[in-house]
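Participant: Got a structure for you, questions after.
Just so you know, all these numbers are worked out from the coordinates, no wet-lab data involved. Every value quoted in this text rests on a predicted model; they were computed, and no experiment measured them. Cβ sites come from the backbone with ideal geometry, for glycine too, and all protein chains shown count toward neighbours.
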Amino acid sequence: MSEKNETNNPIFGSHDEQTLDQYQNVLMRAERGALMADGHLGYIMPIGGVAAYDNKVSPVGVGFDIGCGNMAVKLDQKADDFDVSEALDIVEDRIVFGLGGTNPDAPKDHEFYDAAEWEAYPNEKIKSDLKKKAREQLGTVGSGNHYVDLFRDEEEYIWIGVHFGSRGFGYQTAQGFMNLSQGKEWNDKFEQKEVLLDMDTPLGDAYFAAMNLAGRYAYLGREWVCYTLADAFGTEILDEVHNNHNFAWKEEHDGDELVVVRKGATPAFPGQRGFVGGSMGDTSVIIEGVDSEKSQKALYSTIHGAGRVMSRTQAKGDYRGRDLSKASVKPQMIYDWLEKKGVELRGGGLDEAPQVYRRLDDVLEEHSGTIKIQHRLEPLGVVMEGPERFSPKN
């Protein structure tokens with residue numbers, strides 16, 4: 001790293017050469033940046049990357065899953081009185097997982113659909129189509145590493161944790177504005193390029209408004225899942241923690257007004273709390289940002305998870321052909337891990353195995369002095385999209 005990067009653009013933890021090259025490329029266009037310890041290769045900008053711009057925003061930096069984030073709620077029930085298997089049955093019955101899923105129980109007349117930010121879209125047809133998709137998919141979880149988890153904390157209280165974003169509505173918003181930023185039509189064939197949009201231009205202003213709308217939608221979806229499940233479990237919520245980690249914010253740092261893009265990075269200003277999930281069989285945490293020179297240089301940002309160390313293709317091999325001989329992870333490896341931890345799995349796949357990720361405690365240690373841990377959450381049950389089923393009771 002150059003002297004400038006060592007001073008103003010810190011790199012936490014260890015990363016492969018491709019991720020570092022991608023980060024350095026982003027820094028060529030940003031005022032400042034930081035790379036979190038859970039970072040890994042992404043599209044244009046690394047996952048775990050933070051980039052601050054002078055009155056500009058990067059749609060490809062924010063990415064496709066605008067507003068992807070985590071929410072955790074603490075319930076007024078303790079583990080000794082909580083039937084995990086029964087609760088997971090409720091999750092599977094009430095919550096929709098997978099690509100293109102729709103939620104018939106989601107509210108269709110929420111004030112969200114009358115928000116002023118809808119005027120950011122180019123025309124009534126696009127706006128109408130996106131409202132329809134948003135109504136259909138609110139509160140659906142999706143696929144990949146998106147989940148509903150059940151935890152117990154150090155006092156044996158049960159927590160619900162969820163991870164997902166703005167679904168198809170956010171994806172189409174991102175793709176459309178990326179096309180517009182390249183001088184194309186909204187629905188043209190897509191090509192990923194970084195184009196920085198000046199916030200003072202109509203297009204930059206429109207993207208920022210639409211991005212905030214998608215972020216709000218992601219919040220509503222996660223709240224719907226957590227509140228619906230808490231009610232279905234017959235419990236009350238004692239505490240909740242909620243944050244986006246694929247988003248852009250207007251912030252002040254060292255006296256400069258900047259637009260800070262976090263792609264797979266959690267905002268962690270002093271006193272601000274966040275929920276950071278580990279893998280399906282690992283500890284998760286509730287963290288709080290603290291003030292320090294180190295956290296200032298990190299642009300008050302921290303990890304959003306444990307971080308991948310293995311690509312999906314490497315983990316699952318020839319997934320379409322089901323040729324597991326090419327997979328680095330075998331089903332028994334998942335089962336052995338979860339049995340040791342006592343975690344019940346509904347769904348998931350080889351590409352989301354614990355072996356695919358760093359250990360969360362190792363990643364957290366790299367950010368010591370910037371955050372403190374309020375709660376450690378031990379997993380009891382996990383629901384994800386996918387074919388796997390495992391119960392430690394069987």
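Participant: Using 1/(1 + (r/R0)^6) with R0 = 51 angstrom and r between the beta carbons of Ser311 and Tyr227, what's the FRET efficiency to the nearest 0.05?
Facilitator: 0.90
Participant: Residue-wise, which Karplus ³J(HN,Hα) couplings in Hz belong to the stretch 95-105, taking 6.51 cos²θ - 1.76 cosθ + 1.60, θ = phi - 60°, and x for glycine or proline?
Facilitator: Once rounded to whole Hz, the list reads 10, 9, 10, x, 5, x, x, 10, 10, x, 8.
Participant: Taking Cα centroids, how far is the stretch 18-41 from the stretch 127-144 in Å?
Facilitator: A separation of 31 Å, based on Cα centres.
Participant: While we're looking at this one, here's another question. Would you compute, from DSSP H runs of 4+ residues alone, the mean residue ellipticity of the chain at 222 nm, taking -39500 (n - 2.57) per run and dividing by the full residue count, rounded to the nearest 500?
Facilitator: For the chain, the value works out to -9000 deg cm²/dmol.
Participant: Report the extension gain between Glu236 and Glu154 in nm, rounded to one decimal, defined as 0.36 nm multiplied by the number of residues separating them, less their alpha carbon distance.
Facilitator: Once the chain is fully extended between Glu236 and Glu154, it gains 27.6 nm.
Participant: Using a 7 Å offset from the Cα along the Cα-to-Cβ direction at both Ser14 and Arg389, what is the distance between the two label points in nm, to one decimal?
Facilitator: Here the modelled spin labels are 4.1 nm apart.
Participant: Suppose every Lys and Arg Cβ carries +1 and every Asp and Glu Cβ carries -1, with no other charges. What dipole size does the stretch 3-390 come out with about its Cα centre, to the nearest 20 debye?
Facilitator: 1260
Participant: Looking at [x] 40.9; [y] 19.2; [z] 21.4, which value of mean projected area of the Cα convex hull in nm² comes from a calculation on the structure shown?
Facilitator: Given [x] 40.9; [y] 19.2; [z] 21.4, the structure-derived one carries the label [y].
Participant: Once fully extended, how much extra length lies between Asp200 and Lys372, figured as 0.36 nm per residue of separation less the alpha-carbon to alpha-carbon distance?
Facilitator: 58.2 nm
Participant: Going by average Cβ neighbours within 10 Å, how do the peptides 348-359, 40-51 rank, with the highest at the top?
Facilitator: 40-51, 348-359
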